[in-house]
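Below is one structure; the comments refer to it alone.
No lab work stands behind these numbers, since they all come straight from the coordinates. Here the structure is a predicted model, which is why all the values come from computation and not from measurement. For neighbour counting, all protein chains shown are included, and Cβ atoms are generated from backbone atoms with ideal geometry for every residue, glycine included.
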Amino acid sequence: MRIAIGADHAGYVLKDALQAAFPEVEWTDCGTDGLASCDYPDFAFAVARAVALGEVDAGLLVCGTGVGMSLAANRVPGIRAACCSEPYTARLARDHNDANVLCLGSRVIGEGVAEDIVRVWLETPYSGGERHQRRLDKIAAAEAGGAGR
Ligand code: RB5
C-alpha cells in the first residue's frame, strides 16, 4: 500500500515513528522535516493532492490535534479525511465512510494508540454497502455543486 504522510511541527516526531512502525507501507513523506514551526495546511494539501490524483492509495496527516489537518484536507475535492483518536472510529471511518485520509493528533494520543489506529485503518476495507455509498454519493454531489450556496 502506498501512503502519503505529512505533519506540521507538532506531528513531526509521530510522523517519523509511524513510518518506522509500518515498514510494509510504501511511504511518500511530504514533510515537514523538522521541529521548526510551520503551517499545517501546506502539508495537508500536499498529501490530499497526492491522494486525489491517485499517486498514492491513501494519506496520513499528523498535527497537534488532527483537527487542522482534517479541515484543510477536506477542502480538496475527492478527499474524505477523518480525525480519529481511537481505533473504533478509525475502523468505521473505513467501513462506513471510505475515509481516504487519516488525521491524528500527536498532543491527544500517544504513539501506541496511534499505531493501533493506523493498523486498524490499514486493515479495514470499505464495506461498500448500498446505504453507505448512497450517503457518500450525496457528499460527492454536494462537493460538485457547492453545498450551502
Ligand atoms: C500547532 O500549534 C497546532 O495548532 C496544530 O498542530 C494543530 O493542532 C491544528 O489543528
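The table below gives the values:
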read-out: Least to most buried among LYS15, LYS138 (fewest other Cβ within 10 Å first); value: LYS138, LYS15
read-out: Proximal charge balance of ASP98 [Cβ under 15 Å; K/R count +1, D/E count -1]; value: +1
read-out: Relative exposure of LEU71, LEU60, LEU35, judged by other C-beta atoms within 10 Å (fewest first); value: LEU35, LEU71, LEU60
read-out: Unmatched cysteines, the chain - criterion: no other Cβ of a Cys under 4.7 angstrom; value: CYS30, CYS38, CYS63, CYS84
read-out: Extension gain from ILE139 to LEU71, taking 0.36 nm per residue of separation minus the Cα-Cα distance; value: 23.0 nm
read-out: Positive minus negative residues near ARG119 (Lys, Arg vs Asp, Glu; Cβ under 13 Å); value: -4
read-out: The chain, relative contact order [Cα under 8 Å, separation at least 6], %; value: 22
